Amino acid sequence: MGVATTLVVLTLLMLLGTWVLTRSTSVNGRLVDHSSPALIAAVRLETAYADQDAAIREQILSGNAALQTGYSAGHETEREQVAVLQELLRDDDAGTARLRVVLERARAWEARVVRPALNVEPGTPPPAEVRAAVTDPSPYAALRAATRDQVDRLRHERDAARAGLQDVRALRTWVFGAIALVILAGAIMVFAGLRRGVTLPVSRLVADANVVARGDFGHAIAPTGPADLRALADAMEAMRHRLADELAFSDDARRRLDEQADELRRSNSDLEQFAYVASHDLQEPLRKVASFCRLLEKRYQGHLDERADRYIAFAVDGAVRMQALIDDLLTFSRVGRGPVEETPVDLNAVYETVVGDLDIAIREAGAEVAHTSLPTVRGDRTQLSVVLQNLIANAVKFRRPDRPVRVVVDAEQHAGMWRISVTDDGIGIDPAQAERIFVIFQRLHTRDAYPGSGMGLAMCKKIVEFHGGTIALDPEHTTGTRITFTLPVATPDGTTAAEERTPTGQPAPSDAALRADG
């Protein structure tokens, strides 16, 4: 019964509160949108007439023609404020009538005083009748009385609206105070009932849940209290069982994943070490094979038949190419195998060095190699030189036979990375081979057509990724080849996003080992 009575009273108060809010909004809207703007416009209109009268008097009495500027400004203000008042008083018959009286007296004042004064030529003495009209206070006094009456009436309406708004606000305060008291009384009654039927069972449920949340997933959640709370406790208990099972499975999976990661790191380290050692240890016996093949070629060339000479030449060429491949594999395995001391690298200086190293090849090909302004990045100068040398050398090598090749190196900054492009108008690369060209020992042409080991772009990819960037073929460039790679922009403290790369603990590559190979 008490709850029902409270709800009825609260409903009535809410209806009354709704009416009060609607009334308050209406009164406030009239005050803000009508009474106050109309009063402001009326005051400005009164001031505009005063400015015009003062300007006309000064012009006629002192002969200062420059004072017409003051009259023009006042007249413009008059026109604007009259338009504002006409709009605001459109639905107010009394206000419209008062504005009409003001405008009629303003026209009479303008006809008797203003127009004759404005017709006087600047620098000439005004006629006596004009001076008499200007000095006659009665026309402007009538206009001023009308504007003052209009201002007083609008101020009275504004004050009445303010008083009404204050009354509505006071009523609103009382109504919402009563609503708050009713709500408080209802809340007290609800609290008393909830404490007996809900709060204590919920407290016990929360205590059990906190024990589980602290990590004791073996602690059971006992259902107590009303049926809804018992159902909730049963659901939480089922969830606890599920979490316990998932946690056990996750711990086991994490343990197995850690073991696999450790095994993978050991395997990668062993593979890198094997590649390094194998390529390094194979060089000595291969060097002997190449040396003895050259001795055979030197000693017996011309003493055996043509077939024997060809066989010896094949053996020498194969040994030389195998030695080059092993050198390249050794160089490839050394990239990223140790900590690298990064320094600021001016790619403009690197470009000049690389072009100087490739000067003979560029001259023989008749190539034109140019660049735009290149950035300064942080990294290993030798490795970045290898990247530029390989890309420029490839651009010069894979040219069209019927015309000299043009190579351009440029850079642009985007999203915290430098995007560096090496573009040529050579024979181009099929976009379908965009991934294959960066795989070690992969070639798109025969060795007879274009010499090389197929290691250059794979080396570039490994170096760029070691520096925190990416490298790719631009498939949209169809008039040749464009290879783009990215490098992080150096931060103000001199670091890059690629700092702290993980070394493998193997020896760092020497400067002599990192050489370009198309």
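The values are calculated or read from the model by the stated rules, or taken from the named source; none is laboratory data. Just so it is clear, the model here is predicted, and its values are computed rather than measured. Glycine gets a Cβ as well: all are built from the backbone with ideal geometry, and neighbour counts include every protein chain shown. For accessibility, only protein heavy atoms count, side chains too; no ligands or nucleic acids. Shrake-Rupley method; radii C 1.70, N 1.55, O 1.52, S 1.80 Å.
Some values worked out for this structure:
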| item | result |
| --- | --- |
| Residue in segment 474-492 that is surrounded by the most Cβ atoms within 10 Å (Cβ to Cβ), counting only those that are under 25 Å from the mean Cα position of the chain (by Cα) and hydrophobic (A, V, I, L, M, F, W, C) | 487 |
| Exclusive hit being out of contact with any strand residue (DSSP E or B) (no Cβ under 7 Å at 6 or more places or on another chain), surrounded by fewer than 12 Cβ atoms within 10 Å (Cβ to Cβ) and part of a helix (DSSP H, G or I), set 173, 147, 124 | 173 |
| Matching option when the condition is of a type outside the set (Lys, Arg) and either open to solvent by less than 40 Å² (accessible area, probe 1.4 Å) or under 30 Å from residue 97 (Cβ atoms) (or both), among 232, 165, 200, 184 | 165 |
| Selection count, segment 203-216, where residues are open to solvent by 60 Å² or more (accessible area, probe 1.4 Å) and hydrophobic (A, V, I, L, M, F, W, C) | 2 |
| Residue in segment 19-38 that is within 48 Å of the chain's Cα centre (by Cα), among the charged types (D, E, K, R), at pLDDT 80 or above and more than 16 Å from residue 151 (Cβ to Cβ) present | no |
| Residues located in segment 386-405, provided they are within 37 Å of the chain's Cα centre (by Cα) and without any contact (Cβ under 8 Å) to a residue 60 or more places away in the chain | 388, 392 |
| Verdict on residue 251 being among the acidic types (Asp, Glu), under 25 Å from residue 196 (Cβ atoms) and either in a helix (DSSP H, G or I) or at pLDDT 80 or above (or both) | no |
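Okay, residues lined up against (1) of a type in the set (A, V, I, L, M, F, W, C); (2) at pLDDT below 90; (3) in a helix (DSSP H, G or I); (4) open to solvent by 40 Å² or more (accessible area, probe 1.4 Å):
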residue	(1), (2), (3), (4)
386	yes, yes, yes, no
399	no, yes, no, yes
407	yes, no, no, no
413	no, no, no, yes
421	no, no, no, no
